[in-house]
1. Let me have the relative contact order for the stretch 93-144, percent, based on Cα pairs under 8 Å that are six or more residues apart.
2. Report the convex hull volume per residue for the stretch 93-144, counting only C-alpha atoms, in Å³.
3. At q = 0.11 Å⁻¹, what log₁₀ I(q)/I(0) does the chain have when each alpha carbon counts as one equal point scatterer in the Debye sum?
4. Sequence gap at least 6, Cα distance under 8 Å: using those rules, report the relative contact order of the chain to the nearest whole percent.
5. Taking the 0 to 90 degree range and rounding to the nearest ten, how far is the long axis of helix 53-71 tilted relative to the main principal axis of the chain, both from C-alpha atoms?
């Protein structure tokens, strides 16, 4: 690869890959962190051991991609939320007992917040939950282009 292509690759943003240049400890390289299902997998790629800044970045990106594949994580440069903070256990789906409905939220392809809801009274609790989860899955498929 020619110098300009290498320079362009170095300047790109690479999800889950961070540059570390700590002169005081003579530490220079790329730190990769892959988070999936509440576990973090990380590795440091030293410029010195990999043969330079560009080579260490290539190694870091290759390791990230291989690790995500091994874990079963979808490879995308878009942000994915894999842990639910709601009581339903499903990301983007929560039960609003005050209004007796499941509320669904997602990020659109334009990066804006999308929201809708499914009535528990109309569909029953289980039916509304199933419908809400299906809506959320479809919105994620659209956003990720799957």
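Here, each number is a calculation from the coordinates, and none is a lab measurement. Predicted, not measured: the structure shown is a model, and the values here were computed from it.
1. 35 percent
2. Hull volume over Cα atoms, normalised by residue count, gives 59 Å³.
3. -0.59
4. Reported relative contact order: 13 percent.
5. It works out to around 30 degrees.
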